[in-house]
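Single-structure report; data block below.
The values are calculated or read from the model by the stated rules, or taken from the named source; none is laboratory data. The structure displayed is predicted, hence computed values, not measured ones. Glycine also receives a Cβ, built like all others from the backbone with ideal geometry; neighbour counts cover every protein chain displayed.
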Amino acid sequence: MKKAVFLDRDGTLNVDVGYPSRYDQIDIYPQSFEAVRKFNREGLLVVVVTNQSGVGRGLLTEDDLQDIHARLSAAFSRRDARLDAIYYCPHYVHSADRRYRKECDCRKPQPGLARRAAADLGIDLGSSYMIGDKTEDVLLGRTIGAVSVLVLTGSGRQSLSQLREQKINPSHVASDILEAADWILDEEKRRLR
Ligand SMILES: [Mg+2]
Ligand SMILES: [Zn+2]
């Protein structure tokens, strides 16, 4: 069984601009490349899990989304960083398109995307990590028994206040994905001791 780092996309790996439909709207945080390289070197699978209800809302097609993800992966490859897989939820409960109109089990904080990745890639969820900027990311991490790290990029600061009101504590709060990576690598060392 492998360990994974589940990564949220918008607000964690790249700037959250709200429903981008083309790759040229994706602005990857510069520190994301080094963070992903560190996970790769540590032998942790890097799996992006992202809510993309823009598909269900008719703001982009699933082909547009797959094109964005292919280019995103290629951008990481060019920087010697590897995204092992990208899983997305295209659903929206009020979608006009019946293919996407459902109360699914994959929209974060529901654990469907992580569970699918675990089955496909042989991941032990309980020894894995979840990094994200929203409450739903922290809750997903908790549901699957992973260690949750909240990043303060994207919506991270608002999320931190919401989590405190709900008395939910992420395992760690990091300024950004690179600091989260450094903390996780230290945590891996602590676990091995
Ligand atoms: Mg996000
Ligand atoms: Zn879904």
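I want to confirm something. Restricting to region 16-27 and keeping residues that are within 16 Å of ligand 1 (Cβ to nearest atom) and surrounded by 15 or more Cβ atoms within 10 Å (Cβ to Cβ), which single residue is nearest to residue 101 (Cα to Cα)?
Among them, the one singled out is 20.
Any chance region 121-142 includes a residue that's without any contact (Cβ under 8 Å) to a residue 12 or more places away in the chain and either surrounded by fewer than 17 Cβ atoms within 10 Å (Cβ to Cβ) or in contact with a Cys (Cβ under 6 Å, 6 or more places away or on another chain) (or both)?
No; the residues of region 121-142 include none that is without any contact (Cβ under 8 Å) to a residue 12 or more places away in the chain and either surrounded by fewer than 17 Cβ atoms within 10 Å (Cβ to Cβ) or in contact with a Cys (Cβ under 6 Å, 6 or more places away or on another chain) (or both).
Residues that are modelled with pLDDT under 95 and away from ligand 2 (no atom under 16 Å from the Cβ), at least 3 per element: which helices (runs of 4 or more DSSP H) completely within region 97-192 meet that?
The qualifying helices (runs of 4 or more DSSP H) are 177-192.
Just to be sure before I move on: is residue 71 away from ligand 1 (no atom under 15 Å from the Cβ), over 16 Å from the mean Cα position of the chain (by Cα) and under 23 Å from residue 185 (Cβ atoms) in the structure I sent?
Considered against the rule, which asks whether it is away from ligand 1 (no atom under 15 Å from the Cβ), over 16 Å from the mean Cα position of the chain (by Cα) and under 23 Å from residue 185 (Cβ atoms), residue 71 comes out as no.
In the list 37, 22, 9, 71, which residue meets the criterion of being under 20 Å from residue 151 (Cβ atoms) and more than 16 Å from ligand 2 (Cβ to nearest atom)?
Of the residues listed, the single one that is under 20 Å from residue 151 (Cβ atoms) and more than 16 Å from ligand 2 (Cβ to nearest atom) is 37.
Got a sec? Which of 53, 32 is crowded, with 21+ Cβ neighbours inside 10 Å and within 16 Å of ligand 1 (Cβ to nearest atom)?
Selected residue: 32, the only one of 53, 32 that is crowded, with 21+ Cβ neighbours inside 10 Å and within 16 Å of ligand 1 (Cβ to nearest atom).
Is there any pair with a first residue in region 21-40 that is acidic (Asp, Glu) and a second that is assigned to a helix (DSSP H, G or I) whose Cβ atoms are under 7 Å apart and which are 6 or more apart or on different chains, and what are they?
Sorted first by the residue in region 21-40, then by its partner, the pairs are 34/178.
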